[in-house]
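Written below as structure tokens is the structure these notes are about.
Any read-out appearing in this document is the output of simple, stated calculations on the displayed coordinates, not a laboratory observation. This one's a predicted model, so the numbers in the text were calculated from it and none came from an experiment. When we count neighbours, we look across all protein chains shown, and the Cβ atoms used for this are built from the backbone with ideal geometry, even at glycine.
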Amino acid sequence: MDWFPYFLQQLINGLTLGSIYGLIAIGYTMVYGIIGMVNFAHGDVYMIGAFQAMIVFLLCGTLGISWVPLQLLLMLVVSMVLTAAYGWTVERIAYRPLRGAPRLAPLITAIGMSIFLQNYVQLVQGPRPKPIESIISGGVSLMTRSDGSFTVQLGWMQIIIIIATVVLMAGFTLLITRTSLGRAQRACEQDMKMASLLGVNVDRTISMTFVMGAGLAAIAGTMVTLYYGNNDFYMGFLAGIKAFTAAVLGGIGSLPGAMLGGVLLGVIEALWSAYFSAEYKDVAAFGVLVLVLIFRPTGLLGRPEVEKV
Amino acid sequence: MTDMTLSAGPKAPSPLVEAAKDAVFAAILVFLLSWLMIGYQTQVLQGQPMSYVTRYSDVLWAVFLIPAGRFLMTLTRFDRTLPAVIGGALGFIYLFIPGVLGVLEVPVYGEFFVTVDPLQPDILPFEQPMVNVIFGIGAFFVLAAGLRARRKKTVGAQTLEVREAAEARQARISKNLSSILGPLLIAVALIIPFTPWGDRKLVDTLILVMTYVMLGWGLNIVVGLAGLLDLGYVAFYAVGAYTYAKLSIDLGLDFWASLPIAGAIAATFGVALGFPVLRLRGDYLAIVTLGFGEIIRIILINWQIFTGGPNGLGNIAKIDFFGIPFERNPKEGELAFHTLFGLDFSPVHRIYFLYYVIIALALVTNFVTIRLRRMPIGRAWEALREDETACRALGINPTNTKLTAFALGAMFAGFAGSFFATRQGFVSPESFTFIESAVILAIVVLGGMGSQVGVALAAILLIGLPEVLRELSLYRMLVFGGVMVLIMLLRPKGLLSFRVPTIQLHGKKALPPTTAGAVK
């Protein structure tokens, strides 16, 4: 069993990374479920969330708040609220006026918005990466290889990320299945015109979807800021593409699917980097996506689309 | 702004109250957006932990100016247009003109609008002239909204028939415009190097623009005609570029010999990608092509021995005049371009030649596309775009049809890639990022899908304009993204949009304009 400790460590790392992908992927999958568009700016909204969390952390230092749980709470809450405002604004400016336009139109505004947000952050916060010292370090040792050459570490930060993701997922599922907002969202997803005839405020529901997606992306951004602690204006691009890949992998439009896809992608990436080559980990991620789509075109948990003629 | 809400209550809302409500909402929103991101600039100084500087005045100005504009805009909805016209005009004059002076670094700006004394407040809201320009353009939109509402008041409300007639007129204008503009643009493009403005800088920019026109026309086959959304088009461009680079460096082939090989290899890649993804539709196809583009780029970065890794490949042979080099001092007994034509040597000759080569390549792309549209395969593409199931029922083979579209589109990208390599003399993975694919797709969509002239116009706008506006430096890509969003909002169907099927059942009888289902 000499291989097991190393494998376990990679699994833990993959789970952590996958949780973050999953949180971002939810934003993609919900938006896609309702209005059927790929929100390319979502990755950049996540990046803005990370930046805002970082600034809150700096402000905590100035204000003399040094109790770590309070810092964490402030970072999460402030970043969520402010990033949600970005999500709302992006939808209001770039997507709402184009409802009913040709399908490619919102895709182009999404790409334009993505370019705009990246350069906006580059302008107002500078192009250089921002290293930040970690406030939560250490962890527990789970097991040691029999010859003592390798110890499996589970960091506190990894525990927080995984637990937070599980809690958020549970809360979110409740929100979708039990509240009136969730019902309105599901109604819009099935048939937008009918939902609006029955008194659902479609515009508001779609806005709320963007707000929630951005809030979750902000949480992911906060976690990443604390976990890796190196933010730059370009970080949203690859994370966004990976998260969208995760959403497609799990079956787009399905919340558990997004989470499953995210975790799978994270684990595949971690294992591939550990056992094959770190350089080609992205190739592995996209390769898996292509394979899944070829053999199961609707993703792992997606419902097959009914084709209308 | 444009959404007209029906007043459901018994009492009509007071315009001022409504506008004030909107303004307060906008103020809160702008504060939320700008408080941390603009209010605090983080900075990392050598050897120190991260710190920040505050920029509260920018936040305050934004929180004042944007809601003020929103207030005026809301008033126009209630037919109170005068405040918007006056306010917009004043704001435009106050912000835009000094801002432009500042961007162009006219000395007047330094004398009048910049205060040296820190106690004395600045005359302009923002320190950066470009930010003032951007807010000035915002003021212009307020002004435009006011003027449009005034005109609408005199014309009266539009009925559905009027609007449909207007739309039909628009489409007709677009069509006539493009039939005039097309030959005109080609003529201008051909003679521009001989005009007084045709200096090296302009021709260089035009070469870049034409490369994108060609890429746009190539992608138009895949997206516009066959309706397959391809987000990884740049991969084929990269394949073409690297193919020529390898052929030229390792085998010593020249550009003209490599061109068909590069096209063929790119087309092979197109088929190789097309095969596994044929069963996918719409956005799934988009994400797989995007993944494919990224895979190619990652391989280019990491396959050090073959592709040179992140540093790329240099010393690629420059273009020659069908075997005759552009050299100042040709080898003994050999011709050079300038000796052949009895000219004095000038490095500009090669630039001009490159320019005509890319025009020729682009026109070939255009010609092939237009001809193919009228052939069975082109008809099959368009039919496939409109309804795949019906196509199958009619006996069209979707597999072959899609594969030819992919292969042809990829081939033209391969040609463009070889051209890029010979022009630069250097290729590296940096030139083939996702953003390139996005820009090419944006050119196709912004131009109005399927419109060849529209694609050319969009390329001039999206590629040429940022090149001309080099002074904006940092703001260049910001403006680029903003313009992309704006054009799409103002003209959701593209610059020159008329989607007429190439063939119709009953002669010239007008079909209802199809807007949905452009890409399945």
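Could you work out the Kirkwood radius for the stretch B:181-283, taking every pair of different alpha carbons, averaging 1/r and inverting it, reported in Å?
When all Cα pairs of the stretch B:181-283 are included, the Kirkwood radius is 16.2 Å.
Any chance you could tell me what percent of the C-alpha pair distances in the stretch A:4-295 go past 35 Å?
18 percent
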Would you kindly derive the ³J(HN,Hα) couplings of the stretch B:69-84 from the backbone phi angles with the Karplus curve 6.51 cos²θ - 1.76 cosθ + 1.60 (θ = phi - 60°), listing them in order in whole Hz, with x for Gly and Pro?
-> x, 4, 4, 5, 4, 5, 4, 5, 5, 9, 6, 9, 8, 4, x, 5
Quick shape check on chain B: root eigenvalues a ≥ b ≥ c of the Cα gyration tensor, a/c under 1.5 is rounded, otherwise prolate if a/b tops b/c, else oblate, and it reads oblate
Count, for each residue of B:37-47, the Cβ atoms from other chains sitting within 10 Å of its Cβ, then give me the mean as a whole number.
-> 5
Per DSSP, the loop-located chymotrypsin sites (Phe, Trp or Tyr not before Pro) within the stretch A:132-177 having at most 16 other beta carbons within 10 Å are A:PHE150
What nm value, rounded to one decimal, do you get for the distance between B:PHE306 and A:GLU279 when each label is placed 7 Å out toward the C-beta?
-> 1.2 nm
Dipole of the stretch B:15-154, Cα-centred, from +1 at each Lys and Arg C-beta and -1 at each Asp and Glu C-beta, to the nearest 20 debye?
-> 940 debye
Sorted by mean Cβ packing within 10 Å, highest first, what order do the peptides B:414-424, A:242-252, B:433-443, B:264-274 take?
-> A:242-252, B:414-424, B:433-443, B:264-274
Got a sec? Charge dipole of the protein assembly as shown, +1 on Cβ for Lys and Arg, -1 for Asp and Glu; which of A:LEU198, B:GLY482, A:ILE132 is way out at the positive end?
-> A:LEU198
For chain A, with a Gaussian network of springs between Cα atoms less than 10 Å apart, report the residue from A:MET192, A:MET47, A:MET157 with the top mean-square fluctuation.
-> A:MET192
Percent of alpha carbon pairs in the stretch A:44-180 separated by more than 19 Å?
-> 68 percent
Partner chain Cβ atoms within 10 Å, averaged over the residues of B:338-349 - can you pull that number for me?
-> 0
Rounded if a/c under 1.5, otherwise prolate or oblate - the stretch B:163-467, Cα gyration tensor axes | oblate
Summarise the long-distance tail of P(r) for the stretch B:235-365 by giving the % of C-alpha pairs beyond 20 Å.
-> 58 percent
Shielding score for B:291-297, defined as the mean number of other chain Cβ atoms within 10 Å | 5
Where labels lie 7 Å past Cα in the beta-carbon direction, separation of B:LEU490 and A:THR173 in nm | 4.9 nm
Estimate the FRET efficiency between B:PHE25 and B:GLU105 by the formula 1/(1 + (r/R0)^6), using the beta-carbon distance for r and 30 Å for R0, to the nearest 0.05.
-> 0.20
Average projected area [Cα convex hull, the protein assembly as shown], square nanometres = 42.4 nm²
Most mobile listed residue (A:ASN201, A:ASN13, A:ASN230) in chain A, GNM with C-alpha springs under 10 Å = A:ASN201
Taking chain B and dividing mean pair separation by its residue count, relative contact order in percent (alpha carbons under 8 Å, at least six apart) = 18 percent
To the nearest 0.05, the calculated FRET efficiency linking B:VAL368 and B:VAL271 through their beta-carbon distance, R0 being 22 Å, is 0.80
Computed about the Cα centre, the charge dipole of the stretch B:313-361 from +1 Lys/Arg and -1 Asp/Glu charges at the Cβ has a magnitude in debye, to the nearest 20, of 140 debye
Between B:ARG328 and B:ILE186, the two model label points (7 Å from Cα along the beta-carbon direction) sit apart by a distance in nm of 3.9 nm
Sequence order, the stretch B:307-313: Karplus ³J(HN,Hα) from phi using 6.51 cos²θ - 1.76 cosθ + 1.60, θ = phi - 60°, Hz rounded, Gly and Pro as x, gives 10, x, x, x, 6, x, 10
If you take the beta carbon distance between B:ASP79 and B:LEU472 as r and set R0 to 30 Å, what does 1/(1 + (r/R0)^6) give as a FRET efficiency, to the nearest 0.05?
-> 0.20
